[in-house]
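Okay, here's the structure, questions in a sec.
The values are calculated or read from the model by the stated rules, or taken from the named source; none is laboratory data. Since the structure is predicted, the reported quantities are computational estimates derived from the model, not experimental observations. Using ideal geometry, Cβ is built from the backbone for each residue, glycine included, and neighbour counts are taken over all protein chains shown. Please note that ligands, DNA and RNA were not included when accessible areas were found on the heavy atoms of the full protein model with its side chains. Shrake-Rupley method; radii C 1.70, N 1.55, O 1.52, S 1.80 Å.
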Amino acid sequence: RAAERCIIEPLLSVLIDVFIRCFGGDRMDGDQRRRLIIEMLENSDAPISGSEFAKRVHAMGCKVIAYDIEAGAANRTFPDFVEFVSEEELIAQSDIISVHAPLNAQTKHLFTYEAFAKMKQSAYFINVGRGPIVKEGDLCRALNENLIAGAGLDVLEQEPLELTNPLSKIKDSTRLII
């Protein structure tokens, strides 16, 4: 799908930059590769398919683990290389979490301050699903308190970004890409 490729390729460019600048990705051998954690929640209207994204980062040598809220749902298939873990394990083990989820009752504000506090301080959070999956005030607080290394958001709760949004007041704006 051409539209999906137009979104995935720039996202992969950002991830490659993160690997090189932050993790020394250009110098890592196979055993030193960081885990790339993908929250894969498939749905037909997701802007980027989690499994398609996972295939591309796996080809780059990343280990892919996933948590799936809708595990066992009919007509859902995932690549064989994906290791499924609990939500707690995903959050604790992540170097990068990339969310590809629809918005529903289970995913609204799935990522709150409590979730960010359980992540590695060196971890990055990326949301390419739906804006309200992340509680923006909590993400702002987590970034300002250095609980996580950075975040990239393709979507917001309210677009465009308004000056009243807490994300517009991040102390170190280099740690947030919108």
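Of the residues 136, 114, 87, 83, only one is without any contact (Cβ under 8 Å) to a residue 60 or more places away in the chain and under 20 Å from residue 56 (Cβ atoms); which? Step through it out loud before you land on a result.
Numbers: 136 fails: under 20 Å from residue 56 (Cβ atoms); 114 fails: under 20 Å from residue 56 (Cβ atoms); 87 fails: under 20 Å from residue 56 (Cβ atoms).
After ruling out the rest, the residue left standing is 83.
Can you name every residue in the range 89-133 that is of a type in the set (Ser, Thr, Tyr) and closer than 13 Å to residue 152 by Cα?
Kept after step one, since they are of a type in the set (Ser, Thr, Tyr), are these residues of the range 89-133: 94, 98, 107, 112-113, 122, 124.
Answer for the range 89-133, where residues must be of a type in the set (Ser, Thr, Tyr) and closer than 13 Å to residue 152 by Cα: 98, 124.
Residues are listed down the side, and each one gets a yes or a no for (1) over 21 Å from residue 165 (Cβ atoms); (2) modelled with pLDDT under 90:
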site	(1), (2)
71	yes, yes
89	yes, no
111	no, no
131	no, yes
135	no, no
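Can you pull out every residue in the range 90-101 that is open to solvent by less than 30 Å² (accessible area, probe 1.4 Å) and in contact (Cβ under 8 Å) with a residue 40 or more places away in the chain? Break it down stepwise before answering.
Step one: of the range 90-101, the residues open to solvent by less than 30 Å² (accessible area, probe 1.4 Å) are 90-91, 94-101.
Across the range 90-101, the qualifying residues are 90, 94, 95, 96, 97, 98, 99, 100, 101.
Does any residue of the range 29-41 turn out to be modelled with pLDDT under 70, closer than 20 Å to residue 134 by Cα and not in a strand (DSSP E or B)? Spell out how you get there, then give the answer.
To start, the set of residues in the range 29-41 that are modelled with pLDDT under 70 comprises 29-41.
The next check asks that each one be closer than 20 Å to residue 134 by Cα; those that pass are 36-41.
Restricting the remaining residues to those that are not in a strand (DSSP E or B) gives 41.
Yes, there is a match, as at least one residue in the range 29-41 is modelled with pLDDT under 70, closer than 20 Å to residue 134 by Cα and not in a strand (DSSP E or B).
Now, a different point. Of all residues in the range 102-143, how many are surrounded by fewer than 20 Cβ atoms within 10 Å (Cβ to Cβ) and aliphatic (A, V, I, L, M)?
3
I want to confirm something. Restricting to the range 149-176 and keeping residues that are open to solvent by 80 Å² or more (accessible area, probe 1.4 Å) and either touching a helix residue (DSSP H, G or I) at 6+ places or on another chain (Cβ under 6 Å) or among the aliphatic types (A, V, I, L, M) (or both), which single residue is nearest to residue 116 (Cα to Cα)?
Ranking the candidates gives 171 first.
Testing residue 146 on (1) closer than 16 Å to residue 121 by Cα; (2) crowded, with 19+ Cβ neighbours inside 10 Å, one condition comes back false. Which one is that?
That leaves (2) as the condition not met.
Residues checked against (1) touching a strand residue (DSSP E or B) at 6+ places or on another chain (Cβ under 9 Å); (2) assigned to a strand (DSSP E or B):
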position: 68; (1), (2): yes, no
position: 102; (1), (2): no, no
position: 122; (1), (2): no, no
position: 129; (1), (2): yes, no
position: 132; (1), (2): no, no
position: 143; (1), (2): yes, no
position: 146; (1), (2): no, no
position: 152; (1), (2): yes, yes
